[in-house]
Every structure is written in C-alpha cells, then in structure tokens.
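Derivation of every value follows stated rules applied to the coordinates shown; laboratory data play no part. Nothing here was measured: the structure is a model prediction, and the numbers come from that model. Every residue, glycine as well, gets a Cβ built from its backbone with ideal geometry; the counts of neighbours run over all protein chains shown.
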Amino acid sequence: LYTRGLQIQKMGWAEYYGPFFKTQEKALPDINEGDSIHLTSVDAEEKHTLPPARFNPASLLKLLERENLGTKSTRSRIVDSVRSRGYTIGDNFELSTLGYAMYETLDHYMSVMLSPEMTRQLEQEMDDIQQGKTDRDSVLAKSKTSLLSILEEFKEKEDKIGEDLVKGLQRYWKDTEELGSCPKCGDGILRIVQSPKTGKRFVGCSNYKDGVCDQTFPLPQKGSIAPLEKACPHCDHHMIKVVSGRRAWETCINWTQCPGRQDDLKALDERRSKQSHKDEGGKNS
C-alpha cells in the first residue's frame with residue numbers, strides 16, 4: 001500500500017497568489033507512524049514487464065554514437081543499409097526473417113564478427129592516428145593480422161554458413177512474398193511480384209507463367225508489405241500489413257472489391273479529388 005501527494009514546505013511566490021494557486025497533486029496531511037487513516041478507495045492492478053521500445057532511426061544513431069561505433073559520416077549509412085538490405089521492417093526496425101537468419105548464423109559460426117568491440121577498437125585506433133598517439137603502420141599490421149585470422153576461420157566454415165543463410169533467405173522470401181493458395185485455381189501460390197515492364201508490384205498466381213491461371217490483385221505502391229496469417233472477415237481473402245513511414249495498416253489483397261472496405265475507398269477518392277482541385281486552383285492562380 002502507498003499514497004502519493006505533496007507537502008509544501010515553503011509557499012514562496014505561491015503565497016501571493018492566494019486562492020488562485022492550484023495544483024493537481026493532493027496535499028498530504030501531517031501523519032505519524034501508527035496513526036489511523038481513512039481509506040477512500042482500493043485499486044488493484046496487475047502489470048507485466050514491458051520489453052524495451054524498438055529502435056527508430058534517431059535512437060539507433062544515438063546508440064551507435066554512445067557505443068562509439070562508426071563515425072559521424074558513416075553512421076547514417078549504417079542505419080540505411082540495415083533497412084535497404086531487408087534486415088528490418090518499417091521505421092521501428094522490427095527484425096525481419098532475413099535479419100534473424102543473418103544474426104543466428106553469424107552468432108553460431110562467427111560470433112566475433114558481431115562483436116562491437118572489434119569495430120570500436122579500430123575506430124579508437126583511427127582516432128589515435130589522427131591525434132598522433134600511434135603510427136599508421138602498426139595499426140595496419142595489427143588489423144591485417146586480426147582480419148586474416150577471421151577470414152581464414154570464415155573460409156573453413158563458408159559452406160555451412162552459406163547453407164544456413166540460404167535457408168534463412170528462403171524463409172524470408174516465403175514470409176515477405178508468399179500469401180497462400182490461389183482462390184481461383186486452387187493449386188497455385190499467390191505471391192507478391194513486380195512487373196518488369198512497369199515496375200509496379202501486385203499479387204499474382206504462381207501458375208501464371210504456365211498459362212494455367214491469370215489471377216492478380218493490385219497492391220499499394222508505397223511502403224513495405226508483409227503477408228499476415230489471417231483472412232479478411234468480409235471477403236475471406238488473404239490479409240497484408242502495409243508500413244509506410246510511421247503509418248501502418250492492415251488490409252486484404254481484394255481491397256478494391258471487398259464489401260467491407262468500400263467506405264474507405266470512397267473517403268480516399270474524396271481526399272484525392274479535393275487535393276486535385278486544390279492543386280488545379282494553385283496552378284490557375
């Protein structure tokens with residue numbers, strides 16, 4: 001049991017405000033150990049430990065700076081490469097299947113490559129060279145010896161590392177591209193593909209190349225898309241999650257025809273129409 005409030009020791013400037021001085025905190029009465037108090041209410045709460053918040057670009061840059069990893073000019077490229085290579089999903093840096101596979105494989109076979117100590121030490125030695133505390137040749141010789149040892153170990157295990165990474169990549173492709181069976185032909189697999197002619201992405205059946213099935217569904221062209229393991233409650237088609245910047249939403253691949261999403265489409269058309277009229281008015285003026 002606990003109570004929370006405040007006791008003002010010195011009024012200071014608040015004394016001149018008189019009745020106009022207010023605080024949201026309740027004032028605690030003078031109480032001593034053993035005194036009886038009147039209980040007004042009891043609130044029972046059960047809470048669980050929450051995981052730490054996911055990184056965003058700004059917090060990840062701060063972490064790299066705090067851990068002395070990279071330089072001012074390279075840290076932003078490190079963050080960009082993590083996203084562009086498919087290791088994470090969205091701006092909150094949720095680890096993708098490929099990211100898990102990369103980490104698990106290297107942690108199992110070559111954990112030294114994941115250690116920040118090696119990078120941090122090299123960065124410190126580079127700073128020491130600039131400040132004249134050490135010479136370039138000794139740092140290069142030391143780094144060469146260390147890297148050759150790592151490369152030799154990597155060479156010995158490259159077949160196993162390659163096999164595990166391929167398995168991880170296949171899981172990544174399945175998680176990010178495959179949605180499930182085709183509702184039209186039944187034996188084909190719906191996949192997220194990109195048109196070589198237009199560059200636009202859409203959902204198509206794997207039997208399309210054989211001329212057996214021509215089932216397709218349009219997709220949003222902006223943001224990342226991840227298949228969800230559930231069906232639309234309105235039309236029973238596969239669901240997807242779209243992440244664009246800080247926005248994320250769920251929809252079905254049949255969103256243009258789904259009876260449960262027509263109101264959203266009308267609202268979208270109205271917003272586009274208003275924006276179009278606004279743009280035209282700006283040009284005419």
- Per the charge dipole of the range 178-258 (beta-carbon charges, Lys/Arg positive, Asp/Glu negative, Cα centre), the residue among Thr216, Val243, Pro183 reaching farthest to the positive end is Val243
- Out of Leu147, Ala44, Phe20, whose Cα points farthest toward the positive end of the dipole of the range 1-147 (charges: +1 Lys, Arg; -1 Asp, Glu; placed on Cβ)? Leu147
- Item | Surrounding net charge for Asp264, when Lys and Arg each add one and Asp and Glu each subtract one, Cβ distance under 15 Å | +1
- Note on the structure: Flagged as over-length at 21 Å C-alpha distance, from Lys184/Lys209; Lys144/Lys167; Lys200/Lys230; Lys197/Lys230; Lys184/Lys222; Lys197/Lys274, the pairs are Lys144/Lys167; Lys200/Lys230; Lys197/Lys230; Lys184/Lys222; Lys197/Lys274
- Task: Identify all lysines with a Cα-Cα distance to Lys10 below 25 Å; exclude those on the same chain that are fewer than 8 residues away in sequence.
- Result: Lys22, Lys26
- Note on the structure: Result row for the chain, helices from DSSP H with C-alpha axial extent 15 Å or more and mean Kyte hydropathy at least -1.0, is 97-109, 136-177
- Computed [θ] at 222 nm, deg cm²/dmol, the chain (DSSP H ≥ 4; -39,500 (n - 2.57); rounded to nearest 500): -13500 deg cm²/dmol
- Message: Give me the net charge for the shell around Ser195: Cβ to Cβ below 15 angstrom, other residues only, Lys and Arg +1, Asp and Glu -1.
- Response: +3
- Item | Relative contact order (%) - the range 162-262, alpha-carbon pairs under 8 angstrom, separation at least six | 17 percent
- Quick one: if you stick a label point 7 Å off each Cα along the C-beta vector at Gln262 and Leu140, how many nm between them? 7.3 nm
- Task: Which order do the peptides 95-101, 6-12 take when ranked by the mean count of other beta-carbon atoms within 10 Å per residue, highest first?
- Result: 95-101, 6-12
- Assign one of three labels to the range 178-285, namely rounded, prolate or oblate, based on the Cα gyration tensor with a ≥ b ≥ c the square roots of its eigenvalues; rounded applies when a/c is under 1.5, prolate when it is not and a/b is larger than b/c, and oblate otherwise. prolate
- Stokes-Einstein translational diffusion, the chain - Kirkwood Rh over all Cα pairs, 1.567 mPa s, 4 °C, in µm²/s: 50 µm²/s
- Message: Let me check against my output: what whole-number percent is the relative contact order of the chain, with C-alpha pairs under 8 Å and at least 6 apart?
- Response: 9 percent
- Task: Note down the nm distance, to one decimal, between modelled labels 7 Å out along Cα→Cβ at Tyr109 and at His38.
- Result: 7.4 nm
- Query: Between Ile8 and Ser149, what is the spin-label point distance in nm, taking each point 7 Å from the Cα along the Cα→C-beta axis?
  - Reply: 6.7 nm
- Query: Given charges of +1 on the Cβ of Lys and Arg and -1 on the Cβ of Asp and Glu, with all other atoms neutral, how large is the dipole of the chain about its Cα centre, in debye to the nearest 20?
  - Reply: 1360 debye
- Zone of Lys160 (label point 7 Å along Cα→Cβ, backbone N under 17 Å): which residues in the range 91-117? 102-114
